[in-house]
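*Asks:* Quick one: the structure is below, questions incoming.
The values are calculated or read from the model by the stated rules, or taken from the named source; none is laboratory data. Quantities reported herein were computed from a predicted structural model and do not represent experimental measurements. Using ideal geometry, Cβ is built from the backbone for each residue, glycine included, and neighbour counts are taken over all protein chains shown.
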């Protein structure tokens, strides 16, 4: 950030009065430009023993498989965002059941909210952001071709819970460290 | 938003290629300036049969009582944000137990993530953003002097769950309509 989006003057990185961290501040009009994490909302669309995945037609991770998910927009609720992303990416209609996973990704400033859902019909197809959309049984999931760690853990937890017919909320952090990308359950991340 | 924060040129409100909604777009450098909802993270600090509340020393709702909560910052997890806000507003240390409530506020572009927590000691005091910090039993909660609807529902659900010793995740939308502010459980909001 170089310029004030309100008045167009140069901004400076400084700690504003009554604050304790650096912000982009406009010395001309006084505006403080806060930056905050974004929410990614998505769902696990289920049809019988299968899950709907989308093959990405956009970067990042072009050609890799993902669950329908994307940035929550202004004016939406998180479950509405999940419904919209599913419609946009897979031309698919789902019924949101409940919240299934909350993943913090502090290194990329995102929080994922993933919902359990039922696919309402088989009238789906690739949206503009997908090359292909298809249903997969657990055995057919392309585990090595998944787009994101969040998607891998969403599917892993989903199939584990389904095996015990005991769905619970999964919360934790997905962090990148020397061992790769790791899931730390609950409030496990140390500061 | 009037100016591009990257190059300082004027921005225009238009639908970018491959998008379906209006964004602030810079015709000079091409940057699309997305705006997204923010996360407010907080907790319900519990000590025996009491809950810690803070009397706000800042606007909005100066002088009204609230739970420790605030905007999640870059580089944080949601539970770290809740810990930090509790430390800043009440000089209090808590142990986060689990996620208790997810409230969508689509009209103000916020998602609240509220956690159950245990207050670790009684060494708390008013932080810079608080006039006063105190423990309240259920009977003593100043229900008519609470700062926000999110706080009222957090406390209402907390005491209801505690009465049955059955804490569960509460998800839903808080919307303003002709009847005032209302909580709609789960994925209830219609579009």
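Condition check ((1) part of a loop (DSSP other than H, G, I, E, B); (2) without any contact (Cβ under 8 Å) to a residue 12 or more places away in the chain; (3) surrounded by fewer than 19 Cβ atoms within 10 Å (Cβ to Cβ)) across all residues:
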residue	(1), (2), (3)
B:115	no, no, no
B:121	yes, no, yes
B:134	no, no, yes
B:139	no, yes, yes
B:159	no, no, yes
B:172	no, no, no
B:176	no, no, yes
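*Asks:* Is there a residue in region A:78-90 that is assigned to a loop (DSSP other than H, G, I, E, B) and either crowded, with 21+ Cβ neighbours inside 10 Å or more than 16 Å from the chain's Cα centre (by Cα) (or both)? Explain how you work it out, then say what you get.
*Replies:* Step one: filter region A:78-90 for residues assigned to a loop (DSSP other than H, G, I, E, B), giving none.
No: zero hits.
*Asks:* Keeping to region A:32-70, report how many residues are part of a loop (DSSP other than H, G, I, E, B) and either within 11 Å of chain B (Cβ to nearest Cβ) or buried (at least 24 other Cβ atoms within 10 Å of the Cβ) (or both).
*Replies:* The qualifying residues number 8.
*Asks:* What number of residues in region B:14-31 are outside any loop (DSSP other than H, G, I, E, B) and surrounded by 15 or more Cβ atoms within 10 Å (Cβ to Cβ)?
*Replies:* The number of residues fulfilling the criteria is 4.
*Asks:* Can I ask one more? Could you identify the single residue in A:111, A:102 that is within 12 Å of chain B (Cβ to nearest Cβ) and surrounded by 24 or more Cβ atoms within 10 Å (Cβ to Cβ)?
*Replies:* Selected residue: A:111, the only one of A:111, A:102 that is within 12 Å of chain B (Cβ to nearest Cβ) and surrounded by 24 or more Cβ atoms within 10 Å (Cβ to Cβ).
*Asks:* Here is a further query. Can you confirm whether residue A:11 is part of a strand (DSSP E or B), out of contact with any helix residue (DSSP H, G or I) (no Cβ under 7 Å at 6 or more places or on another chain), modelled with pLDDT of 95 or more and crowded, with 20+ Cβ neighbours inside 10 Å?
*Replies:* It is true that residue A:11 is part of a strand (DSSP E or B), out of contact with any helix residue (DSSP H, G or I) (no Cβ under 7 Å at 6 or more places or on another chain), modelled with pLDDT of 95 or more and crowded, with 20+ Cβ neighbours inside 10 Å.
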